Structures are given as C-alpha cells and as structure tokens.
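Report on one structure; see the data block that follows.
The values are calculated or read from the model by the stated rules, or taken from the named source; none is laboratory data. For clarity, every value in this text was computed on a predicted model and none was experimentally measured. As a convention, Cβ positions derive from the backbone with ideal geometry for all residues, glycine included, and neighbour counts pool all protein chains shown. These area figures cover heavy atoms from the full protein model, side chains too; ligands, DNA and RNA do not enter into them. Shrake-Rupley method; radii C 1.70, N 1.55, O 1.52, S 1.80 Å.
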Amino acid sequence: MDIKGKNIVITGAAHGIGAALAKRFRKEGAGTIALFDRDMDAAEATASEMEGIAYGVDMSNEAQVQTASEDFLSRVGDVHLVCSNAGVAFSDGPDWTSGSQTNKQWEVAWQVNVMASVYLTRAFLPGMRERGDGYFLITSSAAGLLSQVGDAAYSTTKHAAIGYAESLAISHGDEGIKVSALCPQGVETRMTEGMEGSTTLTDGKLPVEDLCDSVMAGLAAEQFMILPHPQVADYVARKVSNYDRWVGGMRKLRRMAYERTGRPL
C-alpha cells in the first residue's frame, strides 16, 4: 500500500501511537486524515499539527462511531485505510487475581479493544467492497499473541482483536480488502510512563518513531502480522512448540516481577 493521497481514519488518535501514526502518514503524503478520540480537545490539538479533522468519539458507542464515520465519508468520499488503534487497560490490581476486574471494566475492555473494530467495519467495509479496495490496520498487542501478566481483561480482549483481524482477512481478502494486525510490546507513550521494572517492559521501550517505521514497512508489504519488536516472533514460536514450558516461563516472569516491584505488572 502506498500512503500517498490516501484518506485515513485513526482511532485513539489524540495521543501515543495513534497521534504518531497520524503525523507520520501526513509526512508520507496522505490525503485527509480523521482523528477519532474521546478526548476532543487533545484530538483537535493533534489535528491542528497535521491538518487533520478531529472527531470526539467514544469508541465503545457504536452510534458515535457511525455518526463520525458518515460525516467523514461525506467530506472525502472514499476512505482507504482505517486504523483501529484505540485501546484500554486496567490491570488485575490491587489483589492481582484473574477475576478481580469488575464487570464494568471487562465490558469497557471488550467494547474498546474488540467491538470498536466491528463498528468501524460496519461503517467502512461496504464502501471498500464496492470499490474492491481498502485496508484495515488493527492495533492489538504482543499480549494478544502471548499474554500480559497482571491484566486478564487486556490479554483476553487483545487475543480477540487478533482473532477479529484474522476473520476480516479471511472473509474479505478475495474482495481486495487488506488487513494488518499491529502487535508491539512496550512503546514510549503515556501508557508506559512509570512502568519501569514491570513485565510490560521486559524488553524495554521502543521509540514510537521506530514503531511507525515498522508500520510503514508492513503496510507497503501488505503483511498481515506487523511486529515492531522482532523477538516476539521467537516468543510465539516457543509458545506453540511447547505450551506447558511457555506457561511455566510466564509464571517465572510473574514471580520475578513480584520480587522486583511487589506487583506482577
């Protein structure tokens, strides 16, 4: 995929990975970029830096997603790339059991980390199918391939996000629809501030500019799995080759985190 001239939607675009992708796409000559985020003020600030259009959207609310999507389509006609990037995490604290998160937290995680991609599909896939061309970039996480120690809801919903990306690719690839799943480990954003010593940053923080490099290369190659941290591929290979050994290794990682910081995350 060539970004030049392409109209793009990015969710969770006010900060972090979403904002960095918006700025990189603009630098690479993208067409009109829509920034969806529930923090409208921050989305507008980011949009003003790269001549984008900001929308205040709660991605757990399908009606808001549909309204913003329809407005953007009315402005630009065709949308070529949809980046489902918004995500939430809570952790299993303070008691650190896998059942500790509330039903509300599980529901929010499911809505934002999984259903938001479904809502975006309903909004933009029909036009893509009609043209026989379009691209979805779904930000999951290495946690969706491996696991996030200390956050059951995040791990579960990020696994589901990859499953949904697979379904999109399988069901609509013959119609000209491309799909990539973006699965980074720790990245230098607000989300990882103050997490030094946690299992999330076992392999350190990747500069967000390096993540953008990986995304650009992955989109150009139209590859399904984009791994900004290449070691994740080795971890996944070890996991599937000996699942019991992998689970044991993750338990050890959890114990080591407790010894360092008094918490597993």
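Please work out how much length the chain gains when fully extended from GLU70 to ASN103, using 0.36 nm per residue of separation minus the C-alpha to C-alpha distance, in nm with one decimal. Don't skip to the answer; put the middle values down first.
Working: separation 33, 0.36 × 33 = 11.88 nm, distance 3.14 nm.
Working it through step by step, the gained length comes to 8.7 nm.
Among 217-228, 20-31, what's the highest-first ranking by average C-beta atoms within 10 angstrom per residue?
Going by the mean number of other Cβ atoms within 10 Å, highest first, we get 20-31, 217-228.
Amide H to amide H under 5 Å from MET225: which residues, 5+ apart in sequence or cross-chain, H placed 1.01 Å off N in plane?
Answer set, sorted by chain and number: ALA181.
Collect residues whose amide H, placed 1.01 Å from N in the peptide plane, falls under 5 Å from the amide H of PHE136; neighbours closer than 5 in sequence don't count.
Under 5 Å from the amide H of PHE136: VAL82, LYS178, VAL179, SER180.
Exceeding 30 Å between C-alpha atoms, which entries from my cross-link table qualify? They are LYS205/LYS252; LYS4/LYS104; LYS23/LYS158; LYS27/LYS104.
Working: LYS205/LYS252 21 Å; LYS4/LYS104 41 Å; LYS23/LYS158 25 Å; LYS27/LYS104 39 Å.
Violating the 30 Å limit, Cα to Cα: LYS4/LYS104; LYS27/LYS104.
May I ask you to rank ASP244, ASP58 by accessible area, largest first, using a 1.4 Å probe over the protein chains only?
Sorted by accessible area, descending: ASP244, ASP58.
In debye to the nearest 20, how big a dipole does the chain give about its Cα centre with +1 on each Lys and Arg Cβ and -1 on each Asp and Glu Cβ?
760
With every protein chain kept in the model, how would you rank GLU188, GLU175 by accessible area, 1.4 Å probe, largest at the top?
Working: GLU188 100, GLU175 60 Å².
Ranked from most to least accessible, the order is GLU188, GLU175.
Taking the chain as a Gaussian network, where each spring joins two C-alpha atoms under 10 Å apart, which residue of SER69, SER100, SER214 fluctuates the most?
Looking only at SER69, SER100, SER214, the largest GNM fluctuation is found for SER100.
For the charge dipole of the chain, defined by +1 on Lys and Arg C-beta atoms and -1 on Asp and Glu C-beta atoms about the Cα centroid, which residue among GLN64, ALA161, ALA20 has the Cα displaced farthest towards the positive pole?
Ranked along the dipole, the leading option is ALA161.
Arrange the peptides 74-85, 134-145 so that the one whose residues have, on average, the most other Cβ atoms within 10 Å appears first.
Result, highest mean first: 134-145, 74-85.
For ALA34, which sequence-distant residues (separation of 5 or more, or a different chain) have an amide H within less than 5 Å of its own amide H, given hydrogens modelled in the peptide plane?
Amide H to amide H, under 5 Å and 5 or more residues apart or across chains, ALA34 pairs with ILE8, VAL9, ILE10, ILE53.
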